[in-house]
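Q: The structure under discussion is supplied below as structure tokens; questions concerning it will follow.
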Number of protein chains: 2
Amino acid sequence: MHLPFDGAKLDRLMEEAGADLVLAFTRHNIRYLCGGYFYHFHERFQAIAEAQYTPLLGVPRAQPERAFLVGGSGERGQAKDQKLWVPEIIPSERHPAAAARDAARAIRKRGLERGTIALELDFLPASAMDVLRRELPGARFVEALHFLEELRAIKRPGELDILRRITQTDAEAIQAAFRSAKPGATTRQIAARIEQEMTGQGVHFLWVFTAAGPAMLRAPSEKVWAEGEVLHLDAGGEQAGYLTDVCRMGCRGEPSPLARELFDACLATQDKVRAAIRPGALCGAIHDLGCETLKDAGHGGHGQFLIHGMGLVSHEQPRFGPGARRPLEAGMVISIETDIRHPEVGYVKIEDTVAVTPSGCEGLGDLGRGQWAVAAA
Amino acid sequence: MHLPFDGAKLDRLMEEAGADLVLAFTRHNIRYLCGGYFYHFHERFQAIAEAQYTPLLGVPRAQPERAFLVGGSGERGQAKDQKLWVPEIIPSERHPAAAARDAARAIRKRGLERGTIALELDFLPASAMDVLRRELPGARFVEALHFLEELRAIKRPGELDILRRITQTDAEAIQAAFRSAKPGATTRQIAARIEQEMTGQGVHFLWVFTAAGPAMLRAPSEKVWAEGEVLHLDAGGEQAGYLTDVCRMGCRGEPSPLARELFDACLATQDKVRAAIRPGALCGAIHDLGCETLKDAGHGGHGQFLIHGMGLVSHEQPRFGPGARRPLEAGMVISIETDIRHPEVGYVKIEDTVAVTPSGCEGLGDLGRGQWAVAAA
């Protein structure tokens, strides 16, 4: 059976977790396991009528031909059009309890009612969980998060293509927003421009963190980007569920010597970390290198270095941190962030996304990373 | 204490439900109770790191001065900038179990650990609910959905302003998409145009249902809108959490006599129902009127009439259906939908939003409802 994910890896991970069936609920994991498919009507909102759209995808270990999707009654057409591999689609009400009852029935039909069922307990609604416990009293329930995250850790070429394209779009949208920000523009207006630019390129806007000058309010607001002030634009969007997250700096007028010093310290940290990323490098060592490089730059008290995997979830595998023993592998995608929050200058930050390659790493969307963007006059 | 909602009404509804404290989790209810406030970073995506952003807003009955919001550590600045009324903000991890522990602590601090706590059980993650049950063994848990929905049922003038503006934007976006659809355009391209138009007007795109010609696939796809085919565009978006939902018809070339007949039947049903909407009219009677008018038009087997309240949730109060005894009140907002799915013509549908006024109803975004839109040549 042809699957859009690594079926053998899923079987192995489920075996390690002791799971007989995974029952996925989150948009990111359903999308991943369904090869990009998700009911379009509920891609961007879930609440409807008295509850919410509750898709439940059941995949028995080593038996994908017995998989099922409890979904909305209106999604059969799209599933057929997109050639969804899941053999059984079970139309249900858009209600967690009803969907859980239908899933429990499908699990019993497959003889797995006394098996171990892996769930996303931090997402699945309490009412659905209560129904599953009641309807499947002989089942054991375990957490699916870690093995599903592991399944997604190495990106395939098609995933890398999407991430490459949307990260470039994000970087371009940020530059366009800087360039078009006329005197008097508020951070809310500048953020809106990013949304328009992303949308025009088919990337669905998600957020902008922004702060102008020494005020540390990191949200779009009525604050005007004033002369001499630095501005950071840290924007995210998505396409087919894949996330982009880029931060670039601008200044209205010339940045002060101190602002330049902070920017250079961030950039040097990013560069040093990027140079160390390659297959086999340990996550813990990469993390320490970033922290130490930033600290050595002399603004330690105001600085923060952060590094995390990226994909369908912001901050996914690989996980970094002191002592993390995991070696990097080609196909992993990583977000690297360095910021310095200085009371006189404001919030200076650079964030890049890179993909680990066989020999090092490839920057995705590097546009504008080494320069201060200039605002419209 | 000045609250952005009707505090006396909430107290009364909570008293009827026997609730001592409401602990809201959904974006729509937190937004409503917080007067529009929601942490901007997580407005459009929740999953992060090993779990999800889990805001929990606690409001004790008749004691709003003891309310609290368990939220992200990064949202204090925005809360202050937007003058959020909630007196205590409790920064937490972005994890349901951690947020639930922090909420349980806040509930104990208020002496309500043996009280009745109203929750949104169809949304709150199972892991958060498990923590609340464990941490508050003396508490009783009840469902908050119905009284929070009731609290939102009558829209205030500011809410009506938003709904009026965004429904007009939706109707304009649909007309622009029809007008710009050149020969060879796919339904996916036409849908993308709606997204761009909405975004340009500050409305966040959510979905487009669309179907070209007799094929009943109701999702954007590679299907080309061909000569002579009808096309419906049923699009939704949101601003500040408020939803818009409009459907208009177009045809590439002249609609056939049968297509015109179906369209006229839909329009006549919509018109007749709208003429009957006024304060005091019973929801059940309105529902029956729509169903009977459509049936009398002679395409009963292919037709469907649907009517529902609208606001921060699609399909909220007032609820319609056979025998519904609730009388309409000024300030309610209603979506009215009539469709006929005919095997020879395709999917013909009109959907309008109206607000109940003291003397009848006001159409929001009526642009294009009585005509067939024409495609670009």
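Q: Filter region A:203-215 down to the residues that are facing another protein chain (nearest Cβ under 9 Å) and in contact with a Leu (Cβ under 7 Å, 6 or more places away or on another chain), then identify the one that is farthest from A:LEU163 (Cα to Cα).
A: Checked region A:203-215; the qualifying residue farthest from A:LEU163 (Cα to Cα) is A:ALA211.
Q: Please identify the pairs in which a residue from region B:169-181 that is free of Cβ contacts under 8 Å to residues at least 60 places away in the same chain and outside the structural domain of B:THR210 (by TED's automatic domain parsing) has its Cβ atom under 7 Å from the Cβ atom of a residue that is of a type in the set (S, T, N, Q) and buried (at least 24 other Cβ atoms within 10 Å of the Cβ), counting only partners at least 6 apart or on another chain.
A: Here the result reads none, with nothing in region B:169-181 linked to a residue that is of a type in the set (S, T, N, Q) and buried (at least 24 other Cβ atoms within 10 Å of the Cβ).
Q: I've got another one for you. Please find, within region B:187-202, the residue that is farthest from the other protein chains (Cβ to nearest Cβ) out of those that are touching an Asp or Glu at 6+ places or on another chain (Cβ under 8 Å) and farther than 15 Å from B:LEU233 by Cβ.
A: B:GLN201
Q: Okay, moving on. If you go through region B:290-302 one residue at a time, do you hit one that is among the β-branched types (Val, Ile, Thr) and within 14 Å of another protein chain (Cβ to nearest Cβ)?
A: There is no residue in region B:290-302 that is among the β-branched types (Val, Ile, Thr) and within 14 Å of another protein chain (Cβ to nearest Cβ).
Q: Ok, one more. Counting just the residues of region A:103-129 that are part of a loop (DSSP other than H, G, I, E, B), under 21 Å from A:ILE89 (Cβ atoms) and among the aliphatic types (A, V, I, L, M), which one comes out farthest from the other protein chains (Cβ to nearest Cβ)?
A: Result: A:LEU112.
Q: How many residues does region A:216-235 hold that are more than 8 Å from chain B (Cβ to nearest Cβ) and either surrounded by 22 or more Cβ atoms within 10 Å (Cβ to Cβ) or of a type in the set (Phe, Trp, Tyr) (or both)?
A: In the first step, residues of region A:216-235 are kept if they are more than 8 Å from chain B (Cβ to nearest Cβ); the result is A:222-235.
Then keep just the ones that are either surrounded by 22 or more Cβ atoms within 10 Å (Cβ to Cβ) or of a type in the set (Phe, Trp, Tyr) (or both); that gives A:225, A:229-235.
Within region A:216-235, residues that are more than 8 Å from chain B (Cβ to nearest Cβ) and either surrounded by 22 or more Cβ atoms within 10 Å (Cβ to Cβ) or of a type in the set (Phe, Trp, Tyr) (or both) number 8.
Q: Considering only region B:246-266, state which residues are touching an Asp or Glu at 6+ places or on another chain (Cβ under 6 Å) and either more than 13 Å from B:LEU206 (Cα to Cα) or among the acidic types (Asp, Glu) (or both).
A: Filtering region B:246-266 for residues touching an Asp or Glu at 6+ places or on another chain (Cβ under 6 Å) gives B:246-247, B:252-253.
Passing the criteria: B:CYS247, B:ARG252, B:GLY253.
Q: Now, a different point. Looking at this structure, is A:THR169 of a type in the set (S, T, N, Q), over 18 Å from A:ARG252 (Cβ atoms), more than 10 Å from chain B (Cβ to nearest Cβ) and touching a helix residue (DSSP H, G or I) at 6+ places or on another chain (Cβ under 7 Å)?
A: Details: of a type in the set (S, T, N, Q): yes; over 18 Å from A:ARG252 (Cβ atoms): yes; more than 10 Å from chain B (Cβ to nearest Cβ): yes; touching a helix residue (DSSP H, G or I) at 6+ places or on another chain (Cβ under 7 Å): yes.
Yes, satisfied.
Q: For region A:336-373, name all the residues that are over 30 Å from A:ALA226 (Cα atoms) and surrounded by 20 or more Cβ atoms within 10 Å (Cβ to Cβ). Step through it out loud before you land on a result.
A: Residues of region A:336-373 that are over 30 Å from A:ALA226 (Cα atoms), as a first pass: A:354-364.
A:VAL354, A:ALA355, A:VAL356, A:CYS361, A:LEU364 - these are the residues of region A:336-373 that are over 30 Å from A:ALA226 (Cα atoms) and surrounded by 20 or more Cβ atoms within 10 Å (Cβ to Cβ).
Q: Would you be able to say whether some residue in region A:83-93 is within 25 Å of A:GLU316 (Cα to Cα) and outside any helix (DSSP H, G or I)? Don't jump to the end; show me each part of the working.
A: So the first thing to find is which residues in region A:83-93 are within 25 Å of A:GLU316 (Cα to Cα), and the list is none.
No, because not a single residue in region A:83-93 is within 25 Å of A:GLU316 (Cα to Cα) and outside any helix (DSSP H, G or I).
Q: May I pose another question? From A:GLY311, A:GLY363, which residue is within 14 Å of chain B (Cβ to nearest Cβ) and closer than 27 Å to A:HIS28 by Cα? Steps first, answer last, please.
A: Details: A:GLY363 fails: within 14 Å of chain B (Cβ to nearest Cβ).
Just one listed residue meets the conditions, A:GLY311.
Per-residue answers, yes or no, for (1) assigned to a helix (DSSP H, G or I); (2) modelled with pLDDT of 95 or more; (3) surrounded by fewer than 23 Cβ atoms within 10 Å (Cβ to Cβ):
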residue: A:LEU23; (1), (2), (3): no, yes, no
residue: A:GLY35; (1), (2), (3): no, yes, yes
residue: A:PHE41; (1), (2), (3): yes, yes, no
residue: A:ARG44; (1), (2), (3): no, yes, yes
residue: A:THR54; (1), (2), (3): no, yes, no
residue: A:LEU69; (1), (2), (3): no, yes, no
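Q: Go through region A:131-148 and count every residue that is crowded, with 16+ Cβ neighbours inside 10 Å, assigned to a helix (DSSP H, G or I) and in contact with a helix residue (DSSP H, G or I) (Cβ under 8 Å, 6 or more places away or on another chain).
A: Selection size over region A:131-148: 5.
Q: A further question on this structure: Six or more apart or on different chains, Cβ under 7 Å: which pairs go from a residue in region B:263-274 that's on the phi > 0 side of the Ramachandran plot and in contact (Cβ under 8 Å) with a residue 24 or more places away in the chain to one that's assigned to a helix (DSSP H, G or I) and among the β-branched types (Val, Ile, Thr)? Could you list them?
A: Note: no pairs meet the criteria.
Q: Given the criterion over 28 Å from B:HIS146 (Cβ atoms) and within 14 Å of chain B (Cβ to nearest Cβ), identify the matching residue among A:PHE45, A:PHE38.
A: Only one candidate qualifies: A:PHE38.
Q: Condition test on B:GLU65, is it assigned to a loop (DSSP other than H, G, I, E, B), away from chain A (no Cβ under 11 Å) and modelled with pLDDT of 95 or more? It would help to see each step written out before you state the result.
A: Details: assigned to a loop (DSSP other than H, G, I, E, B): no; away from chain A (no Cβ under 11 Å): yes; modelled with pLDDT of 95 or more: yes.
Answer is no for this residue.
The values are calculated or read from the model by the stated rules, or taken from the named source; none is laboratory data. As the structure is a prediction and not an experimental result, all values here were calculated from the model. So basically every Cβ, Gly included, is an ideal-geometry build from the backbone, and we count neighbours across all protein chains shown.
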